[in-house]
1. Could you tell me the relative contact order of region 99-163? Use alpha-carbon pairs under 8 Å, at least six residues apart, and round to a whole percent.
2. To the nearest 500 deg cm²/dmol, what mean residue ellipticity at 222 nm is calculated for the chain from DSSP H runs of n ≥ 4 alone, each contributing -39,500 (n - 2.57), summed and divided by the residues?
3. With a probe of 1.4 Å, find how much accessible area region 82-165 has per residue, and write the answer as a whole number in Å².
4. Pick out which of 145, 23, 130 has the largest mean-square fluctuation in a Gaussian network model of the chain, springs linking Cα atoms closer than 10 Å.
5. For region 15-70, what is the accessible area per residue in Å², given a 1.4 Å probe and the full set of protein chains?
6. Relative contact order of the chain: what whole-number percent is it, with Cα pairs under 8 angstrom and at least 6 residues apart?
7. Hey, what's the Kirkwood Rh for region 26-165 if you take every pair of different alpha carbons, in angstrom?
8. Across region 39-54, in residue order, what do the Karplus-derived ³J(HN,Hα) couplings come to in whole Hz, using 6.51 cos²θ - 1.76 cosθ + 1.60 with θ = phi - 60° and x for Gly and Pro?
Amino acid sequence: TGTGSANNHCTGALSTTNTLNAESVSSISADCLIDLQAKVPTAYQGNACWTMNPKTFASLRKLKDSTGQYLLQQSNGITNAFPYTILGKPVYLSDNMPLVASGAKAILYGDYSGLSVNIRENIEMQALYEKYATQHAVGLVAWFELDSKVTEADQLAALVMSVTV
């Protein structure tokens, strides 16, 4: 998700400027999902997926079409890591995604190749044997440097919940 501005922190996929405003503060309609999917150009639909918080996913599982059929369909096959799709695209869950709330970017959709990640060095790790010897323990310290930024905004779209007035 990122934690800050582009100048001092990883901005993450939620920094995309390609957004769609939801009609509600607390619920997501099927029409919103269709409109969000349409925000990503056809050229990037091949590798597109949905990302959301597990609680958002639980509420979307209850959405039905006009014939009473659930919109969130289970994919066929035992080889799928997470066997659900929305509008033909896989759904992935992340506890790091915001919950549905006023002004939150609750759902991401698109092709994540639009998010550039730069890992500047290999991960360095060091075992600290002596520092914790009196506690009969070993400490580990790791260091790495990385950065991320949405470089192709049209490849990712976020659903922004309405703001409470």
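1. Working: 103 pairs, mean separation 33.2, N = 65.
Relative CO of region 99-163 lands at 51 percent.
2. Working: 2 runs with 16 residues, N = 165.
The helix contribution divided over the chain gives -2500 deg cm²/dmol.
3. On the way: 5260 Å² over 84 residues.
Computed with neighbouring chains in place, this is 63 Å² per residue.
4. Fluctuation is largest for 130.
5. Details: 3170 Å² over 56 residues.
Value returned for region 15-70: 57 Å² of accessible area per residue.
6. On the way: 335 pairs, mean separation 56.4, N = 165.
Normalised by residue count, the contact order of the chain is 34 percent.
7. On the way: mean 1/r = 0.0561 Å⁻¹.
Evaluated over region 26-165, this radius sits at 17.8 Å.
8. Rounded to whole hertz, the list is 6, 9, x, 3, 4, 10, 6, x, 10, 6, 8, 9, 9, 7, 5, x.
The values are calculated or read from the model by the stated rules, or taken from the named source; none is laboratory data. Note that this is a predicted model, so its numbers are computed, not measured. Cβ: placed from backbone, ideal geometry, glycine included. Neighbour counts: every protein chain shown. Note: accessible area is taken over every heavy atom of the protein model, side chains too, but ligands, DNA and RNA are not part of it. Shrake-Rupley method; radii C 1.70, N 1.55, O 1.52, S 1.80 Å.
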